[in-house]
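What follows is a set of notes on a single structure, which appears directly below.
Nothing in this text is a laboratory measurement; each read-out follows from the coordinates by a stated rule. Since we're looking at a predicted model, the values are computed, not measured. With ideal geometry, Cβ positions are generated from the backbone for all residues, glycine too; neighbour counts draw on all protein chains shown.
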Amino acid sequence: MERWSPYAVGIGIGLLSCVAFFLSDKPIGCSTAFSRTSGMIERLFRGGVVAEKAYYKKFAPSIEWEWMLVAGIFIGGFISAQLSGQFHMEWVPATWASSFGYTPISRWATALTGGIILGIGARWAGGCTSGHGISGTLQLAVSSWLAVFCFFIGGIATAMIIF
Amino acid sequence: MLKQLHSNEKLQLGIGFLVGILFGFLLQKGGVTKYDVIIGQLLLTDFTVVKIMLTAMITGMIGVHLLSTLGLVQLHPKPGSLGSTVIGGLIFGVGFAVLGYCPGTLAGAVGQGSLDALFGGLAGILLGAGLFSEFYPKLQRGILGRGDFGELTWPRLFKVNPWTLIIPLTIGVLIFLFWVEKSGL
């Protein structure tokens, strides 16, 4: 298991945040990319009318810095997994399997449901564990501290119920 | 010179991509692109997620505020309201536990081969974000604005210099992390 110390990783992410602020004048954040992508996909089906939606006037369905960031995360995760030999295709994570058995279909359905709720929640809260949890808290933003608090209250309560 | 750098769109796309690659690399190396690690945190048996987030927070807090004091960066605190931050945050938390990934770690999880992240989580988040955009006008007129506190920061709220908060916070976080480490979590 070639895992790095969480403290080393944390320092790395903290420094990366500084780099993002300095070079790009942007805090690291992930959920906006999903909003934009969703808009781009919707545009494939419904055409230009999508751009007129109030939300997509705020967050245009186009590729920009944050979108590239999330695309990069996918690549970075891939490279890291490959380098440590941890890359493997897996339908059902171990923790799920040990509680619910190796059930790919119900895991997929649960992941889909969870994803929908997560997508709604992230945009409702105006950010995720990266945008609020890391970038926002380090800026001492009240919104972000409040958001993270709620992320964990909701998450811990739900996890305890599920498991 | 920085202004020119920031407004160079093509270059910025490249920088964003690079920062993302490093971010994804770190997340995967830290183990937090794994469902088991995230659920372990929410079940309070594995504190890897919190250790990483808190360490990143204090590192970035000191670094960014140093750069800000030197006039090299601008802060961009997100605005918030009780109606959006609290309710959205709780909804996010539920989704977080049900899916077992957050948006960022999801992208990393797809990179490491997690098919539940790719076919379940990714599709779900895109659907959820799309649904939100549909209901946004109604929500915006109602609940999202309730209890608005804008781009408030703790230093502005307490009317103090940020460092007055940063130093005790850092010490407090370090003590907490030390205690977590000692407890074997």
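Values computed for the structure shown
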| quantity | calculated |
| --- | --- |
| Cβ-derived FRET efficiency at R0 30 Å, B:Asn8 paired with A:Ala60, nearest 0.05 | 0.95 |
| Computed label-point distance, nm, for sites B:Ile143 and A:Arg43 using a 7 Å Cα→Cβ extension | 3.0 nm |
| C-alpha center-to-center spacing [region B:77-98, region B:3-58] in angstrom | 19 Å |
| Descending semi-axes in whole angstrom, ellipsoid equivalent of region B:75-141, from the Cα gyration tensor | 25, 14, 11 |
| Charge dipole of region A:1-77 about the Cα centre (unit charges at C-beta), most positive-ward option of A:Ser17, A:Phe74, A:Ser31 | A:Ser31 |
| Tail fraction, Cα-Cα pairs, region A:92-163, threshold 15 Å, whole percent | 62 percent |
| Region A:88-126 and region A:21-62: distance between their alpha carbon centers, rounded to Å | 24 Å |
| Ranked packing of B:107-115, A:128-136, B:4-12, most packed first, by mean Cβ within 10 Å | A:128-136, B:107-115, B:4-12 |
| Pair B:Leu157, A:Glu2: separation of 7 Å Cα→Cβ label points (nm) | 4.3 nm |
| Dimensions (Å) - region A:44-92, Cα atoms, principal axes, largest first | 46, 25, 15 |
| For residues of B:152-165, the mean tally of beta carbons on other chains within 10 Å | 2 |
| Rg in Å to one decimal, and Dmax rounded to a whole Å, for chain B via C-alpha atoms | 18.9, 49 |
| Within chain A, helix-based [θ] at 222 nm, where runs of 4 or more DSSP H residues each add -39,500 (n - 2.57), nearest 500 | -22000 deg cm²/dmol |
| Cβ charges +1 (Lys, Arg) and -1 (Asp, Glu), total dipole of chain B, debye | 400 debye |
| Cβ-based charge dipole, the protein assembly as shown, positive-most Cα from B:Pro79, B:Ile167, A:Ala157 | B:Pro79 |
| Cα-centre dipole for chain A with unit charges at Cβ (Lys and Arg positive, Asp and Glu negative), debye to 20 | 360 debye |
| Pairs of lysine residues in the protein assembly as shown - Cα separation under 21 Å, sequence separation of 8 or more or cross-chain | 14 |
| Per-residue mean of C-beta atoms belonging to partner chains within 10 Å, peptide B:167-176 | 0 |
| The protein assembly as shown: radius of gyration over Cα atoms, expressed as a fraction of 2.2 N^0.38 Å | 0.93 |
| Ranked packing of B:157-166, B:46-55, most packed first, by mean Cβ within 10 Å | B:46-55, B:157-166 |
| Choice from B:Gly121, B:Gly89, B:Gly40 showing the highest fluctuation, given a GNM over chain B with Cα pairs closer than 10 Å | B:Gly89 |
| Per-residue mean of C-beta atoms belonging to partner chains within 10 Å, peptide A:27-40 | 6 |
| FRET efficiency, 1/(1 + (r/R0)^6) with R0 35 Å, evaluated for A:Ala97 and B:Ser68 via beta carbons | 0.15 |
